[in-house]
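The values are calculated or read from the model by the stated rules, or taken from the named source; none is laboratory data. Predicted model only: the values in this text are computed from it and were never measured. Cβ: placed from backbone, ideal geometry, glycine included. Neighbour counts: every protein chain shown. For accessibility, only protein heavy atoms count, side chains too; no ligands or nucleic acids. Shrake-Rupley method; radii C 1.70, N 1.55, O 1.52, S 1.80 Å.
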Amino acid sequence: MSRATFRDPRLWLVAGALLLVLGAMLVPRIKLTRDVYDVVAVVDITTSMNTRDMTVGGEKTSRLQAAKFALRDTLSKLPCGSRLGLGIFTERRTFLLFNPVEVCENFAAIDGAIAMLDWRMAWEGDSYVSKGLYSALDIAHSLKADLIFITDGHELPPLPFSGLAPFDGKPGDVGGLIVGDGGRKFARLLKYDEDGREIGTYGAQDVPQENRSGPPPPDAASRPGYHPKWAPFGNAVVNNKEHLAVVREAYLKQLASVTGLTYAYLGDDYNLVPAFEAAAHGRPLLVATDVSAVPGSLALVLLLALYGLGAYLALKSFVSSSSTSSKGAY
């Protein structure tokens, strides 16, 4: 092999690419620490979650279907080593379907469980959102996990005039998200018969428009028909739009503030992972990481440089020969 051959950069590019390919094949996995997450995901399955004011794949769908889509997307993006448990909320408490399990080894099972969530799993029709959230926080805390709680925030019956029930836990002990699910414009609340068939929508008089348990509001004495004993709330017909469905963002933000969680709106992209990772407590995990892509990528760069150099030299030779031919013609 001549000295000119050794001075040819193409030889060194080929040799370098070959060595890098061998390195990619032989390099061992290295130990790296990364954050993984333990999370309990809870979905509101009360009737208002059947409202079809969300969009998935360009088609109108229910809030419950949007919540399931978002959770399945979250499952696919959580790093291996993370653990996810699943629960449902209805009436006044959260029911845990299964404890957090590793997301990669159990991906198909978890994904299938999320896909099978249905509003008919509800055991009562009421929707005490704050109590359901507090119940979910208790469960997550007992499992040393964070929380994703997806709801439209529609309390039924409405909160009493005394306001939100106190939170007994420590704010921030459990990290994670309260996710607002639903349109920001009022929509009709769907009505179903005893067999689960859709039979229309609720009117203003079909649902309680205010909570008349506990002490009356401060303005009770000024209400028509007020009597301190027989009619402490008055007898006026009240319409607080409780028969209409809309995501109750102000209320959900209040719940987030009280519990130390972070509020996030489901939005159009359904990607909850960035917001969750920012609000959750990561768990460091030492994992064996495949780094063969690094030398493999460098080998590809050298091969591209080789072909680029070859094309350049060929073009240079062509231009030079064309110039010589042109001079000989004269």
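The residues listed here are LYS191, LYS144; of these, the one that is closer than 23 Å to ALA67 by Cα and open to solvent by 20 Å² or more (accessible area, probe 1.4 Å) is LYS191. Among the conditions (1) part of a loop (DSSP other than H, G, I, E, B); (2) at pLDDT 95 or above, the only one that MET1 does not satisfy is (2). Checking GLN254 against (1) open to solvent by less than 80 Å² (accessible area, probe 1.4 Å); (2) at pLDDT 85 or above; (3) of a type outside the set (Gly, Ala, Ser), only one condition comes out false. Which one? Among (1) open to solvent by less than 80 Å² (accessible area, probe 1.4 Å); (2) at pLDDT 85 or above; (3) of a type outside the set (Gly, Ala, Ser), GLN254 violates only (1). With respect to the conditions (1) under 19 Å from GLY175 (Cβ atoms); (2) within 15 Å of the chain's Cα centre (by Cα); (3) of a type in the set (S, T, N, Q), SER76 falls short on a single one, namely (1). For the range 6-28, filtering for residues that are open to solvent by less than 70 Å² (accessible area, probe 1.4 Å), part of a loop (DSSP other than H, G, I, E, B) and either in contact (Cβ under 8 Å) with a residue 60 or more places away in the chain or farther than 20 Å from ALA311 by Cα (or both) leaves 1. The single residue among GLY132, GLY112, GLY153 that is assigned to a loop (DSSP other than H, G, I, E, B) and either among the hydrophobic types (A, V, I, L, M, F, W, C) or open to solvent by less than 50 Å² (accessible area, probe 1.4 Å) (or both) turns out to be GLY153. Taken as a whole, the range 156-170 holds no residue that is surrounded by fewer than 16 Cβ atoms within 10 Å (Cβ to Cβ), assigned to a strand (DSSP E or B), assigned by TED's automatic domain parsing to the domain that holds GLU277 and not hydrophobic (A, V, I, L, M, F, W, C).
Taking the range 115-129 as the range and being open to solvent by less than 10 Å² (accessible area, probe 1.4 Å) and outside any helix (DSSP H, G or I) as the test, the residues that pass are LEU117, SER127.
Checked against the criterion of being in a loop (DSSP other than H, G, I, E, B) and under 21 Å from LYS185 (Cα atoms), the range 248-259 contains one or more residues that satisfy it.
Residues that are under 29 Å from the mean Cα position of the chain (by Cα) and not in a strand (DSSP E or B) within the range 184-202 comprise ARG184, LYS185, PHE186, LEU189, GLY196, listed in sequence order. Among the candidates SER76, SER48, the residue that is part of a helix (DSSP H, G or I), open to solvent by less than 30 Å² (accessible area, probe 1.4 Å) and modelled with pLDDT of 90 or more is uniquely SER48.
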